[in-house]
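What follows is one structure encoded as structure tokens, with my remarks underneath.
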Amino acid sequence: MSAHDPEALAAYALGALDSEDRGAIEAHIRDCAECAAAIRSLRRVTGALALAAPARTPPPHLRARVLHAVGADARQPGSARSVAQGRAPWSVNWLPMAAMLLLAVGAGIYALRLQTRIAGLDGRLADAVSQTRAAERATTDARRVADQAQSAMAVLAAPDLARIDLAGQPRAPGASARALWSRQRGMVFTASNLPALPSGRTYQVWVVLPGGPISAGLIEPDVSGRALGVFRTPPDIPSPVAVAVTIEPAGGMPAPTGERVLVGAP
Ligand SMILES: [Zn+2]
């Protein structure tokens, strides 16, 4: 008899094992919570089935054959009674009921184990999906950084590159920044010592043209106050008269509304 054997567990729950096998099962379930739980549920099933099974009186000819087979004389009611008294009253129905139970509990245990395995597979599938998503995010991040680096290199290599240094204003006297701008290729903007922002606010970079400022884009400083932005600017604009950084509501504004943090002219 092997450990975790559903048929052995069912036979044990039915009380159909000899003492040696019963001992083996009892020894096993002392250490195996899974099989102990299976037996508890099997016993609930056997109890319920015993109540559900209709009580049957065996037909007279079966009784006669059984009594003949065990060597009793069917014509002697006394002998028949003594045979019947030797066994529990339900013993005649024991075999079909045990077969039914074995089928029922076997299917139940199989379903239980299947459920456990499906739950395990579900968990592994969820892990695989989240790993795939993490890999996709990493790929997207890497692509964005590569695109930014490529744009920045194109700007830095532009033949019409102009450099504009920005100085910190009273709101951030220690801050400084540099804008490298090409009409054809856009702007690389670096800043340092930017103060941390209150939540719901962002730094916005403006290219100030003779007709007024246009937004270049938003920058987000890291914990040390450094920020890098690589922006496209419209290729048909005149040369900027200044570059400035203001504090604006998150998401940015179409025109500057907030305090100037950095300002510089070519
Ligand atoms: Zn077990």
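The values are calculated or read from the model by the stated rules, or taken from the named source; none is laboratory data. Keep in mind that this is a model prediction, so the values were computed, not measured. Positions of Cβ are generated from backbone atoms using ideal geometry, with glycine treated the same way; all protein chains shown enter the neighbour counts. Just so you know, the surface numbers come from the protein's heavy atoms only, side chains and all, with ligands and any DNA or RNA stripped out. Shrake-Rupley method; radii C 1.70, N 1.55, O 1.52, S 1.80 Å.
Put simply, the amide H of ALA242, placed in the peptide plane, has neighbours under 5 Å in VAL208, leaving out anything fewer than 5 places away on its chain. Sequence-ordered 3J(HN,Hα) estimates for the stretch 188-199 from the Karplus curve with 6.51, -1.76 and 1.60 and θ = phi - 60° stand at 10, 10, 10, 9, 9, 6, 6, x, 4, 9, x, 5 Hz, glycine and proline given as x. Surface composition of the stretch 162-264: carbon plus sulfur atoms contribute 53% of the solvent-accessible area (1.4 Å probe, protein chains only, all chains present). Put a dot 7 Å past the Cα of ALA250, heading toward its Cβ, do the same for THR116, and the two dots end up 4.7 nm apart.
Tell me, what is the per residue accessible area of the stretch 123-259 in Å², probe radius 1.4 Å? Ligands and nucleic acids excluded, the result is 58 Å² per residue. Amide H contacts for GLY186 (H built 1.01 Å from N in the peptide plane; partners 5 or more residues away or on another chain; cut-off under 5 Å): THR233. Only Lys, Arg, Asp and Glu carry charge here, each on its Cβ (+1 for the first two, -1 for the last two); on that basis the stretch 119-263 has a dipole of about 180 debye about its Cα centre. Across the stretch 110-120, coupling constants 3J(HN,Hα) worked out from phi with the 6.51/-1.76/1.60 Karplus curve, θ = phi - 60°, read 4, 4, 4, 5, 4, 4, 4, 5, 5, 4, x Hz, and Gly and Pro carry x.
Subtracting the Cα-Cα distance of ASP31 and GLU136 from their residue separation scaled by 0.36 nm leaves 33.3 nm.
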